[in-house]
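To keep things clear, I will list the structure first and then write my remarks on it.
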Amino acid sequence: MESSTTPTRVLVVAHKTAATPPLLEAVRQRAQRGPSKFTLLVPNTAHGLHKVVDPEDQGAGEAQTVIDHAVPLLSEAAGAPVEAIVGDPDPVAAVQDAINLHGFDEAIVSTLPARLSRWLKLDLPSKVSGMGLPVTTVTPAEDSAA
């Protein structure tokens, strides 16, 4: 049985929405509910020929840029330092790897609005839930996803 002082390990899965107000608010609200430790997972999106040839054989530049921008904002929202990891280009595999390597108690999945989101088309929130984690899905309104 876990002690109430043991922080809940929360995996935050995001890419283009990693620093958006809806996600920051979700992290803020989760942090207010009790002790928690947040880790941002940014899948290393494959582009161009890397999607076909070898999506894992590319630098983490874009994902690292997202992390560099989002972590200070997420840390402020969480009220504590947020760790960050770059994951597999496949978001489902990235989440599975993160759960296997680091262990998490719940997840927040932040996606683009439904008409733009590849992750919603993949049904990522349900797949993460199927991995045994309670999932909160955060999607910015259409007009705020610039």
Of the residues in segment 20-35, those that are in contact with a helix residue (DSSP H, G or I) (Cβ under 6 Å, 6 or more places away or on another chain) and crowded, with 17+ Cβ neighbours inside 10 Å number 3
Residue check for residue 135: open to solvent by less than 30 Å² (accessible area, probe 1.4 Å), within 18 Å of residue 25 (Cα to Cα) and at pLDDT 95 or above: no
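Can residue 25 be described as modelled with pLDDT of 95 or more, under 23 Å from residue 120 (Cβ atoms) and assigned to a helix (DSSP H, G or I)?
On the way: modelled with pLDDT of 95 or more: yes; under 23 Å from residue 120 (Cβ atoms): yes; assigned to a helix (DSSP H, G or I): yes.
Yes; evaluated as a whole, the condition is true for this residue.
Could you list, in sequence order, the residues of segment 75-91 that are among the aliphatic types (A, V, I, L, M) and under 11 Å from the mean Cα position of the chain (by Cα)?
Quick first cut of segment 75-91, residues among the aliphatic types (A, V, I, L, M) only: 77-78, 80, 82, 84-86.
84, 85, 86 - these are the residues of segment 75-91 that are among the aliphatic types (A, V, I, L, M) and under 11 Å from the mean Cα position of the chain (by Cα).
Filter segment 90-105 down to the residues that are out of contact with any helix residue (DSSP H, G or I) (no Cβ under 8 Å at 6 or more places or on another chain) and not hydrophobic (A, V, I, L, M, F, W, C) and list them by number.
90, 96, 97, 100, 102, 103, 105 - these are the residues of segment 90-105 that are out of contact with any helix residue (DSSP H, G or I) (no Cβ under 8 Å at 6 or more places or on another chain) and not hydrophobic (A, V, I, L, M, F, W, C).
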Considering segment 100-118, residues that are within 17 Å of residue 42 (Cβ to Cβ) and open to solvent by 30 Å² or more (accessible area, probe 1.4 Å), and then whichever is nearest to the chain's Cα centre (by Cα), we arrive at 112
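The values are calculated or read from the model by the stated rules, or taken from the named source; none is laboratory data. Just so it is clear, the model here is predicted, and its values are computed rather than measured. Every residue, glycine as well, gets a Cβ built from its backbone with ideal geometry; the counts of neighbours run over all protein chains shown. Side chains included, ligands, DNA and RNA excluded: accessible areas come from the protein's heavy atoms. Shrake-Rupley method; radii C 1.70, N 1.55, O 1.52, S 1.80 Å.
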